[in-house]
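Working notes, structure below.
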Amino acid sequence: MAPVLAPKVKLNNGYEMPVLGLGTYESKNNEGEIAVKHAIDVGYRHIDTAYFYQNEAEIGKAIRDKIAEGVVKREDIFLVTKLWNIHHEPERVEGACRKQLELLGLDYIDLYLMHLPVGYKYVNEESLLPKNEDGVLQLSDVDYLETYKAMEKLVKLGLVRSIGVSNFNSEQLQRVLDNCEIKPVTNQVECSPALNQRKLTQFCKERDITLTAYSPLGRPKPDEKKPEFYYSDKTKALADKYNKTPAQIILRYLVDIGVIPIPKSSNPKRIEENFNIFDFKLSPEDIAVMDTFHTGERLVPFNLIKAQNHKYWPFSIEF
């Protein structure tokens, strides 16, 4: 029996993106390969990785193996990866993308994102977080517009189908829109009930851009009972009401408010659980309950960049 697939959203360039994906941050040493294979068997068709995660080779292998087995065709998979911050100089962009395609062992990338608006100093391919002798992260002042223009060329070359950004605020996104030839299709940002990105989502929606949610479950810590929204009695009551788990309530909430969550897991049971959210919807009243968890607090504030007062640090404005 064919698995249930996630619904898709039509992007501003006509391609379609499944409304739920598998995140693979910190899935290394074969873990990523096993997770992706299981996810594809379960029904995931949207897989998210990045050069920074250093697992593109195994993720690509998992996808190629599943194609070889006849489980999926290449066009069934929506693969997202990202340009890392050391490759922001326009002349480095194409080479970085070609190297990533080589690692993946695929002919094209469905969606290529600029990982951050802030560039890092290029030392070599291995120095992903280049620091000086005092341990200070070395940043560059390359204008992200120049980086983005170089990414547009990747579409024209057929290396990538869609491009987008990640960790951009509304003003940075508007600046890209005002100066681009090819519109970004998504802005991938941290988004969970604690940081529900309602304003940024609305801003994106008005411009026909999707919002992808990383860390949608807030990286649960059972021993500390954090984040609150995951362990709260309110969430548990909703889980009981819908006969679901707290994680499923949270992911359904995010889908219901119009964002595309990419929960990371390498646990087979969790991978299945996170995907099993398409047989119910939260009522408006229950969405309102989940809205009460919004505090605006970030798990990923990029403090190493903030500390240097970099002009492109994205969180100096409300959204």
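The values are calculated or read from the model by the stated rules, or taken from the named source; none is laboratory data. Source: prediction; values computed, not measured. A quick note on method: Cβ atoms are made from the backbone with ideal geometry, for glycine too, and the neighbour counts reach across all protein chains shown. For accessibility, only protein heavy atoms count, side chains too; no ligands or nucleic acids. Shrake-Rupley method; radii C 1.70, N 1.55, O 1.52, S 1.80 Å.
Annotation: of all residues in region 195-227 being at pLDDT 95 or above and open to solvent by 40 Å² or more (accessible area, probe 1.4 Å), the one that is nearest to E273 (Cα to Cα) is R198. For the condition closer than 30 Å to S140 by Cα, in contact with a helix residue (DSSP H, G or I) (Cβ under 9 Å, 6 or more places away or on another chain) and at pLDDT 95 or above, A96 qualifies. Are any of the residues in region 194-210 closer than 24 Å to V19 by Cα, of a type in the set (F, W, Y) and out of contact with any Pro (no Cβ under 9 Å at 6 or more places or on another chain)? Checking region 194-210: at least one residue is closer than 24 Å to V19 by Cα, of a type in the set (F, W, Y) and out of contact with any Pro (no Cβ under 9 Å at 6 or more places or on another chain). Could you list, in sequence order, the residues of region 290-312 that are open to solvent by 50 Å² or more (accessible area, probe 1.4 Å), over 18 Å from V142 (Cβ atoms) and part of a loop (DSSP other than H, G, I, E, B)? Correct list: T292, H294, T295, E297, R298, L299, A307. Only residues that are crowded, with 22+ Cβ neighbours inside 10 Å and in contact (Cβ under 8 Å) with a residue 40 or more places away in the chain were counted across region 184-194, and they come to 6. Selection over region 39-58 of residues that are over 15 Å from the mean Cα position of the chain (by Cα) and in a helix (DSSP H, G or I) gives a count of 6.
Based on this model, can you work out whether V155 counts as closer than 25 Å to K306 by Cβ and either in contact (Cβ under 8 Å) with a residue 12 or more places away in the chain or among the hydroxyl-bearing types (S, T, Y) (or both)? It is false that V155 is closer than 25 Å to K306 by Cβ and either in contact (Cβ under 8 Å) with a residue 12 or more places away in the chain or among the hydroxyl-bearing types (S, T, Y) (or both). Of all residues in region 102-146, exactly one satisfies the criterion of being more than 19 Å from the chain's Cα centre (by Cα), open to solvent by less than 10 Å² (accessible area, probe 1.4 Å) and in contact (Cβ under 8 Å) with a residue 60 or more places away in the chain, namely L137. Looking only at region 59-78, filter to residues that are open to solvent by 50 Å² or more (accessible area, probe 1.4 Å) and of a type in the set (D, E); which one of those is farthest from the chain's Cα centre (by Cα)? By that ranking, first place goes to E69. In region 81-101, the qualifying residues are those that are acidic (D, E) and under 23 Å from the mean Cα position of the chain (by Cα), and the one that is nearest to N55 (Cα to Cα) is E94. The helices (runs of 4 or more DSSP H) falling completely within region 213-289 that include 3 or more residues that are under 17 Å from the mean Cα position of the chain (by Cα) map to 246-256, 268-275. The set of residues from region 269-289 being open to solvent by 40 Å² or more (accessible area, probe 1.4 Å) and either of a type in the set (A, V, I, L, M) or closer than 16 Å to L20 by Cα (or both) comprises R270, E272, N276, F278, D279, K281, A288, V289. Of the numbered criteria (1) open to solvent by less than 40 Å² (accessible area, probe 1.4 Å); (2) of a type in the set (D, E); (3) over 30 Å from K131 (Cβ atoms), the one D48 fails is (3).
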